[in-house]
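The values are calculated or read from the model by the stated rules, or taken from the named source; none is laboratory data. All of these numbers come straight from a predicted model, not from anything done at the bench. Note: ideal-geometry Cβ built from the backbone for every residue, glycine included; neighbour counts use all protein chains shown. When the accessible area is computed, the model is the full protein with side chains, heavy atoms only, and any ligands, DNA or RNA have been set aside. Shrake-Rupley method; radii C 1.70, N 1.55, O 1.52, S 1.80 Å.
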Amino acid sequence: MSTRQTILPLEFRRVVYEADGTRLLHDIDLTLAGGRRTVILGPNGAGKSLLLRLAHGLLAPSSGDIVWRGAGTRERVIRRQAMVFQRPVMLRRSALGNLTHALKVRGVPRDEGRERARAALAMAGLSDLAHRPARLMSGGEQQRLALARAWATEPEILFLDEPTASLDPAATRAVETLIGGFHAAGTTVVMSTHDLGQARRIADDVLFLHKGRVVEFGAADRFFEHPSSAEARAFVAGELLW
Amino acid sequence: MNTLGQAIAEAGTLLAGFDADLLEIIGLSLRVSLTAVLIACVIGFPLGAAVALFKFPGRGAVSLLLNTFMGLPPVVVGLLVFLMLSRAGPLGVLGLLFTPTAMIIAQALLVTPIVAALTRQIVADLWREYGEHLHSLDASPTARLGTLIYDARFSLATAVLAGFGRAIAEVGAVMIVGGNIDHATRVMTTAIALETSKGNLATALALGFVLLTIALVVNAVVELVNGWAGRKAALA
Ligand SMILES: Nc1ncnc2c1ncn2[C@@H]1O[C@H](COP(=O)(O)OP(=O)(O)OP(=O)(O)O)[C@@H](O)[C@H]1O
Ligand SMILES: [Mg+2]
């Protein structure tokens, strides 16, 4: 991660996303710099998940460009990224099997893969559950497993879509600690959340989306202390808005 | 009533005595159908999975063909294979008509669409669940296929058993391309048809009983696989 050339920053240039003739994201312009923790906020349906999927390359923009501007973009950029979904995709395999599978797909030699998988499980506090079928694990354990799986692939940037949406406070804290671990290791973190407390705890930057537009994007302190738009003020105050 | 009772008794004797002719017929049935199913899997798994995963020209047509052939009557398949293998047919020089190989070909044609169509459905369902993750991992097409087929192995096992059930029970195709020749191409279903028409109910009943047992075992295995997989929901 550290010695290779970076693929960041990531730049959105007038990105539009449409489905069935409806414009869901309007003219998104933004630049995500390396090493920062960006939290995407916005009410339901604002376009947070779409934005993450576009950034990660799971969706293609209807118009505009998504550009990785770093020097390290000669190999496939998606291999330098990882994404954790709100309901993590758990293969019908053991916890360990989920990790070794990901590493095998990425071409990591078998022995090294097992070692890295074990280390990632240990990091996520899941060593005792290594042989448990992943789909029998609790929601919090699954989310930690998804993070361990992402960790094992050593991404330069990690996308998370509401990673703690259905977790209890203890599990949420565990996930936040793991996210902190990614940040400490130099991974750029981009996550969406509905949890304002979590956003305050994690965010360096806040990206506030509303109705498919970026309403605010900047330092988290400023966003929470002095939101400049009426929508963001209402959102921070906890007033519903659509 | 009397003849029926007599027939049942004789059937029991035949089975209990491991009648050589009977065993030969059962053996050939199993060999033909199991080989046909094996071929059907080798073709049907990748074909079904490919139709589920990849967009390629003719994909819709393949899908339509699979679904159509799934319900094709065995006699029609038998007729098609007969025409291909008959002396005047394009593959006539091979001299395969009225051999077990011809029967294997016919049953493989019957079973492949079943295995492929069920595989397509199973893999498509799993792809809906796994797709974004596999995309995120940047898995190659081969890695995607491998992952999906491996993780769907329990569901695919039931598809294989469904195919075997169809093969072992069909009579039309093997009758036409095999010819029901004693000690050569006689299998359980064709033997039952012949013996019944000859009024030789004992042999027919004995073979019918064996078929019934095989059907029972196949279904029990399906239940077992499903139940076991269900318990380990995780893996199924
Ligand atoms: N494939 C699609 N076709 C049509 N509309 C879609 C599609 N995907 C998303 N949408 C719509 O786009 C809008 C934004 O969706 P998105 O999932 O990004 O919202 P979100 O901000 O993540 O919301 P939530 O907080 O509920 O997760 C929603 O109104 C949704 O209904
Ligand atoms: Mg969402």
Helix-only estimate, please: 222 nm mean residue ellipticity of chain B, summing -39500 (n - 2.57) across DSSP H runs of length 4 or more and dividing by its residues, to the nearest 500. -27000 deg cm²/dmol
Hey, got a sec? Which GluC sites (Glu not before Pro) in region A:181-242 land in a DSSP loop and have at most 16 other Cβ atoms within 10 Å? A:Glu239
Extension reserve of the B:Val217-B:Glu24 stretch, reckoned as 0.36 nm per residue once the Cα distance is removed: 67.5 nm
Using the charge dipole of region A:10-236 (Lys, Arg: +1 at Cβ; Asp, Glu: -1 at Cβ; taken about the Cα centre), state which of A:Leu103, A:Val206, A:His194 has its Cα farthest towards the positive end. A:Leu103
Between region A:28-81 and region A:144-210, what is the separation of their alpha carbon centroids in Å? 15 Å
Per-selection metrics, region A:202-242 (Cα): Rg and Dmax in Å: 9.6, 25
Cα-based Rg then Dmax for region A:153-192, in Å, read 10.3, 28
How much accessible area per residue does region A:147-207 have, in Å², with a 1.4 Å probe? 32 Å²
So what is the 222 nm mean residue ellipticity for chain A from helices alone, if each DSSP H run of at least 4 adds -39500 (n - 2.57) and you divide by all residues, rounding to the nearest 500 deg cm²/dmol? -10500 deg cm²/dmol
Could you order the peptides B:194-200, B:78-84 from most to least packed, using the average number of other C-beta atoms within 10 Å per residue? B:78-84, B:194-200
Using only Cα atoms, what Kirkwood radius does region B:2-229 have, in angstroms? 19.2 Å
Within the set of other residues whose C-beta is less than 10 Å from the C-beta of A:Leu52, count the net charge using Lys and Arg as +1 and Asp and Glu as -1. 0
If you find the alpha carbon centre of region B:179-211 and of region B:68-102, how far apart are they in angstrom? 22 Å
Check: the protein assembly as shown dipole with +1 on Lys, Arg Cβ and -1 on Asp, Glu Cβ, in debye: 800 debye
What's the magnitude of the charge dipole for region B:2-229 around its Cα centre, counting Lys and Arg as +1 and Asp and Glu as -1 at the beta-carbon? Answer in Debye, nearest 20. 600 debye
Would you compute the Debye intensity of region A:10-236 from its alpha-carbon atoms alone, equal scatterers and no solvent, and pass along log10 I(q)/I(0) at q = 0.07, 0.16 Å⁻¹ to two decimals? -0.22, -1.13
Whole-Hz Karplus couplings 3J(HN,Hα) for region B:182-198, θ = phi - 60° and coefficients 6.51, -1.76, 1.60, Gly and Pro as x, run 4, 6, 9, 10, 7, 10, 4, 5, 5, 5, 4, 4, 5, 5, 5, 5, 7
Average partner chain C-beta neighbours within 10 Å, per residue of A:104-111? 3
Quick one: P(r) of the protein assembly as shown from all Cα-Cα pairs, 20 Å bins, percents rounded to integers, in order of increasing distance. 20, 39, 24, 15, 2
Under unit Cβ charges (Lys, Arg +1; Asp, Glu -1), what dipole magnitude, rounded to 20 debye, does region A:1-153 have relative to its Cα centre? 460 debye
Per residue, how much accessible surface does chain B expose to a 1.4 Å probe? Answer in Å², no decimals. 48 Å²
Using a loss threshold of 50 Å², tell me which positions in region A:48-90 are less accessible in the complex than in their chain alone. Probe radius 1.4 Å, ligands and nucleic acids ignored. A:Leu58, A:Val89
For chain A, set up a Gaussian network in which alpha carbons nearer than 10 Å are linked by springs, and say which option among A:Gly113, A:Gly197, A:Gly47 fluctuates the most. A:Gly197
Along the charge dipole of chain B, which of B:Trp127, B:Ala229, B:Asn200 sits closest to the positive end, that is, farthest toward it, with unit charges on the beta carbon of Lys, Arg, Asp and Glu (+1, +1, -1, -1)? B:Trp127
